[in-house]
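These notes are about the structure you will find just below.
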Amino acid sequence: MIMSEDHQAREQSRNNLAIEVLNKTGLLRLSAFGYSMLPTLYPGDILTIRREPLTAIHSGDVVLYTRGDRFFIHRNLRSVETASARALVTRGDSMPHEDEPVTPTELLGRVVNIERDGELKSVPPCTLPRRALGMLLAYSTRLRSIFLDLHKQPNGSTQSEFVSGEMSR
């Protein structure tokens, strides 16, 4: 899908505003978007992100980072030393491949809780059964559609644009 220049500009403005809010307040609430973290995160989940330095991120933490004018919310697998600095190796729970290492300048923060169906929940670990289900959902569009239908938000939505007047994705 090719985005129009106008859409890309709006998306970039939203991301810049979210980064500014996170940098100034240390916290950001945003709405999850996409399927790369199923079954841990669902489209429409409200995530609270806390600004954290790379040194405070541990294996298993779910992090928000920016790359190429886009936001990514993936799980940290491990830290690695690159030629220039320490970095994080991440992957979506339903993604088959690891991401390129996340540098300290790309890292925005750590997901500290999830709001789903009006309840605050902690971020669950990526257990073997959760990872296996994630891979099934990644490779089967039909199964993913059924799964998402079973987990729709109470109002029937799967994503939102704004949360409590705060920027969301």
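The residues on offer are ARG67, ARG78, and the sole one that is surrounded by fewer than 17 Cβ atoms within 10 Å (Cβ to Cβ) and touching a strand residue (DSSP E or B) at 6+ places or on another chain (Cβ under 7 Å) is ARG78. One residue alone among GLU20, GLU11 is surrounded by 12 or more Cβ atoms within 10 Å (Cβ to Cβ) and at pLDDT below 90, and that residue is GLU11. Scanning for something farther than 15 Å from ALA32 by Cβ, in contact (Cβ under 8 Å) with a residue 12 or more places away in the chain and surrounded by 14 or more Cβ atoms within 10 Å (Cβ to Cβ), does the range 108-117 turn up at least one residue? No. ASN15 meets each of the listed conditions (1) more than 14 Å from the chain's Cα centre (by Cα); (2) farther than 29 Å from LEU133 by Cβ; (3) not aromatic (Phe, Trp, Tyr) apart from (1). Scanning the range 47-91 for residues that are touching a His at 6+ places or on another chain (Cβ under 8 Å) and touching a residue at least 40 places away in the same chain (Cβ under 8 Å) turns up VAL62, VAL63, TYR65. The strands (runs of 3 or more DSSP E) located wholly in the range 46-123 that include 3 or more residues which are of a type in the set (D, E, K, R) occupy 70-81, 107-116. Taken residue by residue, the range 68-79 has at least one member that is touching a helix residue (DSSP H, G or I) at 6+ places or on another chain (Cβ under 7 Å) and modelled with pLDDT under 90. Considering only the range 23-45, state which residues are surrounded by fewer than 14 Cβ atoms within 10 Å (Cβ to Cβ) and either part of a helix (DSSP H, G or I) or under 16 Å from the mean Cα position of the chain (by Cα) (or both). ASN23, LYS24, THR25, listed by residue number. Restrict the check to the range 123-138 and report whether at least one residue is surrounded by 11 or more Cβ atoms within 10 Å (Cβ to Cβ) and under 17 Å from LEU30 (Cβ atoms). Yes, there is a match, as at least one residue in the range 123-138 is surrounded by 11 or more Cβ atoms within 10 Å (Cβ to Cβ) and under 17 Å from LEU30 (Cβ atoms). Going by the structure shown, is ALA56 modelled with pLDDT of 95 or more, buried (at least 19 other Cβ atoms within 10 Å of the Cβ) and among the small types (Gly, Ala, Ser)? Against the criterion (modelled with pLDDT of 95 or more, buried (at least 19 other Cβ atoms within 10 Å of the Cβ) and among the small types (Gly, Ala, Ser)), ALA56 does not qualify.
The values are calculated or read from the model by the stated rules, or taken from the named source; none is laboratory data. If you're wondering where the values come from, they're calculated on a predicted model, not measured in any experiment. Positions of Cβ are generated from backbone atoms using ideal geometry, with glycine treated the same way; all protein chains shown enter the neighbour counts.
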